[in-house]
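Student: Before I ask anything, let me first share the structure, which is written out below as structure tokens.
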């Protein structure tokens with residue numbers, strides 16, 4: 001089987017991580033794959049913020065948990081988070097940011113790194129603290145959160161759930 005297709009078929013969402021540093025070279029490759037995601041009209045409006053600081057990750061996790069009304073860690077102890085944001089002035093900003101997320105998830109998997117898309121970035125970054133963080137990070141205040149990509153090494157790969165039937169139509 002083609003290695004790219006095999007990578008896509010074997011990728012799973014990971015929610016359990018070990019304490020092991022990801023080499024900077026791998027993080028850069030994952031981010032670069034995000035830059036090369038397809039995007040509407042070539043506008044390239046989606047951007048990524050790599051968060052490695054454990055205190056910032058803990059704060060973002062708490063913000064995310066508050067949005068969903070929970071106290072558990074929605075980032076599952078992941079040692080890295082990449083937040084994707086995009087310019088809502090671009091009509092395809094949600095799709096563009098989503099493709100960035102997908103490219104990075106597949107890139108991470110190809111490097112042996114687990115990942116999972118964690119929602120609620122939009123609500124997090126619309127909050128007062130989210131707006132402050134955008135200012136601190138130098139992100140345009142109009143940009144909207146698309147997703148949080150948690151990253152890290154895992155002890156074992158999750159097993160795929162069976163695929164549901166009837167989701168492909170050929171006309």
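Student: If the elastic network links every pair of Cα atoms under 10 Å, which of 36, 93, 153 fluctuates the most in the Gaussian network model of the chain?
Tutor: Taking springs between Cα atoms under 10 Å, the residue moving most is 36.
Student: Rounded if a/c is under 1.5, else prolate if a/b is larger than b/c, else oblate: which is the range 34-109, with a ≥ b ≥ c the root eigenvalues of its Cα gyration tensor?
Tutor: Prolate, because a/c is 1.5 or more and a/b exceeds b/c.
Student: Give the distance, in whole Å, between the Cα centre of the range 73-116 and the Cα centre of the range 1-26.
Tutor: 13 Å
Student: Can you give me the P(r) profile for the range 20-152? Cα pairs, bins 10 angstrom wide beginning at 0, each as a whole percent.
Tutor: Calculated over all Cα pairs of the range 20-152, the distribution is 13, 45, 35, 6, 0 percent.
Student: Mind sorting 131, 63, 105, 124 by how few other Cβ atoms lie within 10 Å of their own Cβ, fewest first?
Tutor: Least to most surrounded, the residues fall as 131, 63, 124, 105.
Student: Taking the chain as a Gaussian network, Cα atoms linked when under 10 Å apart, which of 38, 107, 86 shows the biggest mean-square fluctuation?
Tutor: Between 38, 107, 86, it is 38 that shows the largest mean-square fluctuation.
Student: Turning to a different aspect of this structure: Under 8 Å for C-alpha pairs, at least 6 residues apart: give me the relative contact order for the range 20-152, rounded to a whole percent.
Tutor: Here the relative contact order equals 32 percent.
Student: Build a GNM of the chain with springs between Cα atoms under 10 Å: which of 65, 78, 108 gets the top mean-square fluctuation?
Tutor: Sorting by GNM fluctuation, first place goes to 65.
Values in this text are rule-based calculations from the coordinates and carry no lab data. Fair warning: this is a prediction, and the values are worked out from it, not measured in the lab. Ideal geometry is used to build each Cβ from the backbone, glycine not excepted, and the neighbour counts take in all protein chains shown.
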